[in-house]
Amino acid sequence: MEKIKGKNTVNCEICLHNSKTRPMFKHEGKNICIECLNALKFPRNFEEMKNEVMDYLDELRIRNNKYNCILGFSGGKDSVVALYLLVKELRIRPLCVTVDNGYLAEEALTNCKNVAKYFGVDWLVINKDFTKFFKETISKGESPCRVCSDMNMHELWQFARQTNIDTIVTGHELPFGTTAIRGMKKGINMLRLLVAYKLTEEDRYNILKEIPWEKPDLGGYTTNCLVLAPALVEFKKKHGFSFEYDRVSAMIRYGLMTREEAEEALKCPEVSDEIYEELKKRGLDFKNLKE
Ligand SMILES: [Zn+2]
């Protein structure tokens with residue numbers, strides 16, 4: 001294995017990275033990036049992660065409480081698929097909890113309502129206002145996603161503490177390194193259910209066909225968030241690439257997305273005037289940033 005040097009841009013033959021975004025290596029005749037090389041050298045054992053998740057859920061299921069877990073339920077496609085798996089395949093009783101940060105699309109809340117009703121599960125909404133945070137990050141061309149996700153998890157964690165439910169299931173699809181379960185503070189665990197299933201985009205949309213869930217058009221690939229598309233636009237203007245690059249590259253690396261799907265996901269979205277109007281109504285005015 002040798003490091004590739006030189007002026008010409010070399011593309012990773014597995015994911016979307018190239019010699020500008022990551023160090024590149026020659027490995028068994030192929031050009032691959034450092035992250036793909038590490039994934040090959042230290043492969044994630046999805047079978048083992050699945051067993052770990054199933055053992056954990058076996059213990060939850062036999063407990064005699066009303067709710068086995070909280071499900072972080074955003075109305076987006078992944079959390080809806082997670083609910084389907086919990087109820088239909090795993091016989092787990094979740095309490096669905098939506099953290100509405102003020103920028104969930106109306107359609108996403110309608111999806112939450114319809115889907116929760118369809119599965120006969122309880123659903124509640126925690127209302128928060130992330131306006132200030134979004135205004136600051138997006139206007140500077142930063143990605144709000146990671147911190148927003150952490151703030152959401154914090155709300156769910158607090159709720160878990162208050163209700164004495166010790167497990168928060170989410171629809172995240174990538175493992176924490178080599179595990180799907182991570183301990184949070186005060187004995188509460190976060191479980192990324194989809195890691196155990198290795199579902200492709202196509203698998204997920206096939207599950208969704210059975211459910212009263214409708215895909216909203218919010219610009220780009222998001223199925224619940226109003227700020228993602230404008231945030232991608234501002235970030236692209238400043239940095240020239242998508243802030244989803246790393247996550248999407250990891251999806252290819254683990255076989256969860258095809259290259260074509262990934263390239264599609266990384267295209268800078270068209271944001272309609274309706275979305276900018278809706279954001280303005282809710283307190284975020286990006287019209288002046290649009291040009
Ligand atoms: Zn790569």
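The values are calculated or read from the model by the stated rules, or taken from the named source; none is laboratory data. In this text the structure is predicted, and so the values were computed from the model without any measurement. In this analysis, Cβ positions are derived from the backbone assuming ideal geometry, glycine residues included, and neighbour counts consider all displayed protein chains. Remember, those area values only see protein heavy atoms, side chains included, never the ligands or the DNA or RNA. Shrake-Rupley method; radii C 1.70, N 1.55, O 1.52, S 1.80 Å.
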Exercise for the section: Take SER74 and decide whether it is assigned to a loop (DSSP other than H, G, I, E, B), under 22 Å from THR222 (Cβ atoms) and in the same structural domain as LYS132 (by TED's automatic domain parsing). Expected result: yes
Fill in the blank from the handout: Given (1) within 16 Å of the ligand (Cβ to nearest atom); (2) open to solvent by less than 30 Å² (accessible area, probe 1.4 Å); (3) over 13 Å from the mean Cα position of the chain (by Cα); (4) touching a residue at least 60 places away in the same chain (Cβ under 8 Å), LEU256 misses just (3)
Problem - helices (runs of 4 or more DSSP H) lying entirely in the range 91-195 (those with 3 or more residues that are open to solvent by 40 Å² or more (accessible area, probe 1.4 Å) and under 24 Å from ARG63 (Cα atoms)) - result: 145-163
Completion exercise
Residues in the range 16-55 that are outside any helix (DSSP H, G or I), within 21 Å of the chain's Cα centre (by Cα) and near the ligand (Cβ under 10 Å from one of its atoms) total 2
Practice task
Go over the candidates SER74, SER79 one by one and state the one that is open to solvent by 30 Å² or more (accessible area, probe 1.4 Å), modelled with pLDDT of 95 or more and closer than 30 Å to CYS148 by Cβ.
Solution key: SER74
Problem - Candidates LYS280, LYS287, LYS236, filtered to the one that is over 25 Å from VAL80 (Cβ atoms), at pLDDT below 90 and open to solvent by 70 Å² or more (accessible area, probe 1.4 Å) - result: LYS287
Practice task
Would you mind stating whether ASP58 is away from the ligand (no atom under 16 Å from the Cβ) and either in contact with a Phe, Trp or Tyr (Cβ under 9 Å, 6 or more places away or on another chain) or in contact (Cβ under 8 Å) with a residue 12 or more places away in the chain (or both)?
Solution key: no
Practice task
For ARG63, state whether it is at pLDDT 95 or above and either within 16 Å of the ligand (Cβ to nearest atom) or part of a loop (DSSP other than H, G, I, E, B) (or both).
Solution key: no
Practice task
Quick one: GLU13 ticks every box in (1) away from the ligand (no atom under 11 Å from the Cβ); (2) part of a loop (DSSP other than H, G, I, E, B); (3) more than 22 Å from the chain's Cα centre (by Cα) except a single one, so which number is it?
Solution key: (1)
Practice task
Could you check, for the range 199-211, whether at least one of its residues is in the same structural domain as VAL80 (by TED's automatic domain parsing), surrounded by 13 or more Cβ atoms within 10 Å (Cβ to Cβ), over 18 Å from the mean Cα position of the chain (by Cα) and of a type outside the set (S, T, N, Q)?
Solution key: yes
Handout entry: Matching residues, the range 239-270, being among the hydroxyl-bearing types (Ser, Thr, Tyr), touching a Cys at 6+ places or on another chain (Cβ under 9 Å) and closer than 23 Å to ASN45 by Cα
Key = SER249
